[in-house]
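Quick notes on the structure that follows.
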Amino acid sequence: MALGAEPGEPFRAVLEACYEAQLDGRIGSEQEGIAWARKLLEKPRE
C-alpha cells in the first residue's frame, strides 16, 4: 500500500506473485521485493 496500491484483487495478485518469486529465490531482499512489486503494479491490467 505504500507503493500507492489500493487493497483489492489486483493488489492481492501482486502480493501472491512476489511471495512465489521469493519462494523460488528470484527475490532475495526487501529492496528486490519492492522493485518486483513496482514492476507488477506498473503493468497495464488486462
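The values are calculated or read from the model by the stated rules, or taken from the named source; none is laboratory data. This is a predicted model, so every value here is computed, not measured. Positions of Cβ are backbone-derived with ideal geometry, glycine not excepted, and every protein chain shown enters the neighbour counts.
A few points about this structure:
- Of all residues in the stretch 4-29, those being assigned to a helix (DSSP H, G or I), modelled with pLDDT of 90 or more and under 11 Å from the mean Cα position of the chain (by Cα) number 7.
- Selection count, the stretch 12-46, where residues are surrounded by 10 or more Cβ atoms within 10 Å (Cβ to Cβ), of a type in the set (Lys, Arg) and in contact (Cβ under 8 Å) with a residue 12 or more places away in the chain: 1
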